[in-house]
Each structure stands twice: as C-alpha cells, then as structure tokens.
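J.: Before I ask anything, here is the structure I am working with.
The values are calculated or read from the model by the stated rules, or taken from the named source; none is laboratory data. Not measured: the values here are computed from a predicted model. Positions of Cβ are backbone-derived with ideal geometry, glycine not excepted, and every protein chain shown enters the neighbour counts. To get the accessible areas, we keep the full protein, side chains included, count just its heavy atoms, and leave off ligands, DNA and RNA. Shrake-Rupley method; radii C 1.70, N 1.55, O 1.52, S 1.80 Å.
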Amino acid sequence: MNKIYVVGIGPGAYDQMTGKAIQALRDSDVIIGYTVYVDLVKDHFSDKTFMTTPMKKEVDRCVLAFEEAQKGQTVSMICSGDAGVYGMAGLMYEVGVGYPQTELEIIPGVTAATGGAAVLGAPLIHDFCLISLSDLLTPWEKIEARLLGAAQADFVVCLYNPSSKKRHDYLKRACELLMTYKSPDTVCGIVSQIAREGEESRVMTLRELSDTQVDMFTTVFIGNSQTRNIGGKMVTPRGYRNV
C-alpha cells in the first residue's frame, strides 16, 4: 500500500518539531506543502524532492500528494503547527476517498496555541477554545456567535488568523464582541513569529488589545475572569490551591 505522512512541523523551528515528525520526513522521498512551510524545513532535508503550491491551492496540493504516492514514492504533506488543527489532515482524508490504495498517517505537531502559550507563560491551564477569525471558509456571523458563546462561558480564547490586509479590523471587532461578557481589564497576550526569527510577545488588557495591530503570523490569547499577570507573564490558575 502507498504511504503518505501528514506532518505537523510545529511553529517553525527545527528543534520544536517532534522526533516522530523528523523521522517521517527522513523516511519520505517527497515533501509537499505550502511554499512558506517548505522553506522552513528545506535546509534540514536537502536530499528530498520538494513540491509546493501557493495559498488557496489546498485541494491541488492534496491531489499532488496522492499522485506522487501512486508512483511508489513515500510522501510527506507538511503543515505548520499541528496537521489536525486548522491543518491539512481533514482535507487529505476527504480527497483520499478517491485513492483507496494509499494509507495516511497523521503526525501531530506543536500548534500555535501551545507554542505561543509557552512564550507568554501559562494562559491555557484551564478550559480554553480556539477560534479562527478568517472568514474565508466560515461566515463571519458564525465566528461572531462562537466568540460570544466562548465569552459568555468564560473560556480562555485563543485566536488564529487574527488579521490580514482584507481583515485589518477583525481583531478589534472580536474584542468588542468579547467585551460583551468579559471585562475590558481581562489579561490578554499576543505572540508573533512563534519560534522563528523575530519572535515577539506582549501581555496587555483586553481594552489595549482592541487597539493593537497584528498580522497573520500573530496568535492572540484572551484570558478568562481568573487569568492574571504575574511578573509580566499571562497565567490562568486551575484552582489547585482551593482544593
């Protein structure tokens, strides 16, 4: 049976890839991915054949992986972070229905939520949710409902894809929605370029966050009602001391 690994390569740094991810790439003949992600691993696996497709060509990328596997090649489809968190794992299974002779193995990786949390301190110690602000595949009305629901339930909220050229005000809109139920003084944090050159982080209030400019390479963390700023770190207690 043909084999494709769907590999989460983590936030970008080689030393934040899992050992299993590194081994999968070593065992592969062909590594396929979005151009930006391929550039992150190319130097470490220079003996491999690399194939790329641009953004918005995800289906083509999946088909390319299956076609290469049908030639007898062992293939790795790479994704940043974790392949199963806003990654390619689901689409690979969908496209894979047409390629029943190809086996898929999903290799997990460090997603931006956990990678960024480690930089900020400990914001995700209690219940949290991930919400993408990209309305490319999800209507804004549904995103808005999810934000309100998460805020009302007092979740820590981690936001992916918080801004782009076409969505420059989406983070501000999200903060305004969250402040329907969350205090403007809620402790928040941002991390950009996680584990890559130029990594930066800041801890601030929700009110300050609403006026902060971010980009697509930034991950945003909004605390719950218990989250605190401890020595410049964002910390959400779980409540062990109350047991």
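J.: Identify all residues within the stretch 38-84 that are touching a residue at least 60 places away in the same chain (Cβ under 8 Å) and β-branched (V, I, T); write none if there are none.
T.: Of everything in the stretch 38-84, those that are touching a residue at least 60 places away in the same chain (Cβ under 8 Å) and β-branched (V, I, T) turn out to be T74, V75, I78.
J.: Only strands (runs of 3 or more DSSP E) wholly contained in the stretch 182-243 count here; list those with 3 or more residues that are among the acidic types (D, E) and open to solvent by 10 Å² or more (accessible area, probe 1.4 Å).
T.: none
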